[in-house]
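Participant: This structure is in structure tokens; I'll ask about it shortly.
The values are calculated or read from the model by the stated rules, or taken from the named source; none is laboratory data. Computed from a prediction, not measured in an experiment: that's the story for all the values here. Quick reminder, even Gly has a Cβ in these numbers, built from the backbone with ideal geometry, and neighbours come from all protein chains shown. Heavy atoms of the whole protein, side chains included, go into the accessibility calculation; ligands, DNA and RNA do not. Shrake-Rupley method; radii C 1.70, N 1.55, O 1.52, S 1.80 Å.
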Amino acid sequence: MTDTRPLALITGASSGIGLELARQFARHGYGLVVNAEDESLESAAQELRRSGAEVRVVRADLRTAEGRYRLLDALDGLTIDVAVLNAGVGRGGAFVDTDLADDQEVIELNVTATVRLAKPLLRAMVARGAGRLAFTSSVAATMPGSFQSVYNASKSFVQSFAQALAEEVKETGVTVTSVMPGPTDTGFFDRAGMADDTRIGTMKKDDPAQVAEQTFEAIVKGEKKAVTGSLKTKAQGLAGKVLPDAVKAAVHRRMAEPGTAGEGAPGRRSDAGRPCGRAAPCRCRRTA
């Protein structure tokens, strides 16, 4: 890349919060390195180029060691001014029922890839005495995630990791930011298998553009931590500081347990307009 503008790396940039973040950085004059594993990354990059940004595409699956090395090789020789480690994946369901391979994928992307990429990126920034590293954590990091146990635990790791790094580098000219969105209108709940039969999957969600705008502001200001999204999400962030873990785990169960879609709202259908369709007995109160 020959452009002299500052350069931002964004993982998970093909859709959702990641794509909205890429739009924010492009709008503010950054060149981009965008990463995701799916084929829609190229169409996202073409859109970003039409806005005037110079964009390098690195299609790589960060759940794998090969994918992580591919991204790091592509970054060789580049000065990354801002890195946003945004890629993440979730899996819903009772821990005793989920596939171990699915749980391992959550760990590989949300935890292993985060550490593997943060090490060289942060080392380079500290050596230069400048740079901004950001992590997409979640309000889920503040609560035990009943029926999303591995995902919430992975975000708790990200949260603790980011805050520790922020303290370590606070006198180096480098900032580390952890951003904590709540349920956001992306494909996350579809991919996690939670879109149709959980309360959290069918509820109204935050706008990813709003989340990205607040995330961008937190990063450029060098904030250590920011809850991003709607006022409801910010209230959840505050509640997470004071409620006992047992209460938070019970609340999360009512949101994420399969069959909870429409609880508290009799007659509600799924987002697709379909009745529940689950075999009796079922706790879901949606009706045809």
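Participant: Taking only the range 161-202 into account, find how many residues are under 18 Å from the mean Cα position of the chain (by Cα) and within 23 Å of MET255 (Cβ to Cβ).
Facilitator: Final tally of qualifying residues: 20.
Participant: Checking ASP97 against (1) more than 19 Å from the chain's Cα centre (by Cα); (2) under 12 Å from VAL150 (Cβ atoms), only one condition comes out false. Which one?
Facilitator: Of the numbered conditions (1) more than 19 Å from the chain's Cα centre (by Cα); (2) under 12 Å from VAL150 (Cβ atoms), the odd one out for ASP97 is (2).
Participant: Starting from the range 229-240, take each residue that is under 13 Å from PRO181 (Cβ atoms) and in contact (Cβ under 8 Å) with a residue 24 or more places away in the chain and list its partners that are open to solvent by less than 30 Å² (accessible area, probe 1.4 Å) and polar (S, T, N, Q), counting only C-beta distances under 9 angstrom and pairs at least six apart or across chains.
Facilitator: Close Cβ pairs (under 9 Å, with a partner that is open to solvent by less than 30 Å² (accessible area, probe 1.4 Å) and polar (S, T, N, Q)) amount to GLY229/THR184; THR233/THR184.
Participant: Can I ask one more? Would you call ALA134 in contact with a helix residue (DSSP H, G or I) (Cβ under 8 Å, 6 or more places away or on another chain) and without any contact (Cβ under 8 Å) to a residue 60 or more places away in the chain?
Facilitator: On the way: in contact with a helix residue (DSSP H, G or I) (Cβ under 8 Å, 6 or more places away or on another chain): yes; without any contact (Cβ under 8 Å) to a residue 60 or more places away in the chain: no.
So ALA134 does not fit the description; no.
Participant: Here's something else I'd like to know. Report yes if GLU47 is charged (D, E, K, R) and either within 30 Å of PRO144 (Cβ to Cβ) or in contact with a Phe, Trp or Tyr (Cβ under 7 Å, 6 or more places away or on another chain) (or both), otherwise no.
Facilitator: Against the criterion (charged (D, E, K, R) and either within 30 Å of PRO144 (Cβ to Cβ) or in contact with a Phe, Trp or Tyr (Cβ under 7 Å, 6 or more places away or on another chain) (or both)), GLU47 does not qualify.
One line per residue, one yes/no per condition, for (1) out of contact with any Lys or Arg (no Cβ under 6 Å at 6 or more places or on another chain); (2) over 19 Å from SER138 (Cα atoms):
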residue: ARG5; (1), (2): yes, yes
residue: ALA8; (1), (2): yes, yes
residue: GLU20; (1), (2): yes, no
residue: GLN24; (1), (2): yes, yes
residue: ALA36; (1), (2): yes, yes
residue: LEU41; (1), (2): no, yes
residue: ALA45; (1), (2): yes, yes
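Participant: Let me ask something else about it. Only one of (1) more than 25 Å from PHE95 (Cα to Cα); (2) open to solvent by 50 Å² or more (accessible area, probe 1.4 Å); (3) at pLDDT 90 or above; (4) not charged (D, E, K, R) fails for PRO266. Which number is that?
Facilitator: (3)
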